Structure formats: C-alpha cells, structure tokens
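Notes follow once the structure below has been shown.
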Amino acid sequence: MHSKAKNYKVKKILITGANGFIGKNLVNLSDLRRYKKICLSTKNKNSYKNTKFVKINLFDKPQVEKLIKKERPEILIHLA
C-alpha cells in the first residue's frame, strides 16, 4: 500500500445553516461527498451520507465552543 493512502485523513467541514436553501445544496454537492460534514442547525435532520447534524443555538457560545473543540473541523462555512 502506498504511504499516501495510509496517511489519508478525511477532512471535516462545519456548516451552519445547513437546512437553508444554500446549505441544503452545499451539503449535497458531489465535490463535498468525500468530506465529513458537521451541520449545525435549529432542526435535527440527517438524511445525507457522511453527514452529522447537530441541533444547536449559535448564540450559545459555550456550546458552540465545546462542539468546535470536540469536532476540530478544518473548514468552517457560515450560512446561518
């Protein structure tokens, strides 16, 4: 096996507003299917592959900080 394959790590993307019009389309993009997506929303809806939905209030700073420390996303897309 190639050393590149051994060191391959799935990148995490944190997306706010994933249930909105733009967010839904972004989560479904074929280019993002190789990423692990953590979607923050006021609704707890998970119907996408390789996607985790988290129901959270973005105004709850301690909860948001806790989630970011736990998930450690490499990319943040803010659509809320």
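The values are calculated or read from the model by the stated rules, or taken from the named source; none is laboratory data. These figures come from a predicted structure and were not determined experimentally. Counting neighbours? That spans all protein chains shown, and the Cβs are built from the backbone with ideal geometry, glycine included. All accessible areas refer to the heavy atoms of the entire protein, side chains included, with ligands and DNA or RNA removed. Shrake-Rupley method; radii C 1.70, N 1.55, O 1.52, S 1.80 Å.
From (1) within 15 Å of Leu79 (Cα to Cα); (2) open to solvent by less than 90 Å² (accessible area, probe 1.4 Å); (3) modelled with pLDDT under 90; (4) among the hydroxyl-bearing types (Ser, Thr, Tyr), pick out the condition that doesn't hold for Thr51.
It is condition (1) that Thr51 fails.
From (1) acidic (Asp, Glu); (2) open to solvent by 60 Å² or more (accessible area, probe 1.4 Å); (3) in contact (Cβ under 8 Å) with a residue 40 or more places away in the chain, pick out the condition that doesn't hold for Glu65.
Of the numbered conditions (1) acidic (Asp, Glu); (2) open to solvent by 60 Å² or more (accessible area, probe 1.4 Å); (3) in contact (Cβ under 8 Å) with a residue 40 or more places away in the chain, the odd one out for Glu65 is (3).
So, of the residues in segment 1-41 that are in contact with a Leu (Cβ under 9 Å, 6 or more places away or on another chain) and in a loop (DSSP other than H, G, I, E, B), which turns out to be modelled with the highest pLDDT?
Gly17
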